[in-house]
Amino acid sequence: MKFLGDGRPARSTLLDGDVVRKHLSIELGFSKEHRDINIRRIGWVACEITKNGGIAICAPIAPYDAIRKEVRAMVEPRGGFALVHAATPIEDLRAARSEGSLRESPSGPRAGLHRRFGSVHEPPSDAEIVIDTTEVPAAQAADQIIDYLRTQGYITLG
C-alpha cells in the first residue's frame, strides 16, 4: 500500500472505460474523435486524482497511440504513469463476443459487431508492461503489474 506524506494510505480509484462512458461520456459514440475525447476525459480525471495524492487505475480501451501519449504527458508531471498493454488478439476478442462474454452493438451500421473493437488498434511502443493474454493467466498478470508497481516505488505492501 502506498502511503501519503502524513502516513495515511493513498486511495485508489478505478476508472473503468465502460463506467466512465455511462456516466461521463454518455453522449459520445465510437468514432476516433469521440474515442479520443473519452480517453482525454479519463486522463483529466486521473490527473486530478493523482495531483491530490490518490492513485488512478484507468481501464479503457484506448486504441490510438497519439491520445495515449497526450494523456501520459498530462499525468506524468503530477505523478507516476504506467501503461499496461493487454496484448489480446482480435480473434480472441471476437471469440469472447460470440460466446456471449461481451456485449454487442444493438443497432446501427455496425449492428452485431462489438462497438468497442474496431479494426484499428495501434499497439503501444512505450508500454511499461506488456501482457500476452494468450500466454499469461489473469492472476499471473496481476502479479506482474503489482511487482512492477512495487519495484518502481508506486506501492509498498505489508
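The values are calculated or read from the model by the stated rules, or taken from the named source; none is laboratory data. Keep in mind it's a predicted model, so treat the numbers as computed, not measured. Cβ sites come from the backbone with ideal geometry, for glycine too, and all protein chains shown count toward neighbours.
Quick notes on this one:
- The single condition from (1) at pLDDT 70 or above; (2) surrounded by 15 or more Cβ atoms within 10 Å (Cβ to Cβ); (3) part of a loop (DSSP other than H, G, I, E, B) that residue 120 fails is (2).
- Criterion violated by residue 139 - all others in (1) at pLDDT 80 or above; (2) more than 16 Å from residue 57 (Cβ to Cβ); (3) in contact with a helix residue (DSSP H, G or I) (Cβ under 6 Å, 6 or more places away or on another chain) satisfied: (3)
- A search for C-beta distances below 9 Å between a residue of region 127-151 that is in contact (Cβ under 8 Å) with a residue 24 or more places away in the chain and surrounded by 11 or more Cβ atoms within 10 Å (Cβ to Cβ) and any residue that is in a loop (DSSP other than H, G, I, E, B) and β-branched (Val, Ile, Thr), counting only pairs 6+ apart in sequence or on different chains, returns 131/88; 132/88; 133/88; 141/133; 149/155.
- Looking only at residues in region 24-77 that are hydroxyl-bearing (Ser, Thr, Tyr) and surrounded by 15 or more Cβ atoms within 10 Å (Cβ to Cβ), the one that is farthest from residue 145 (Cα to Cα) is 25.
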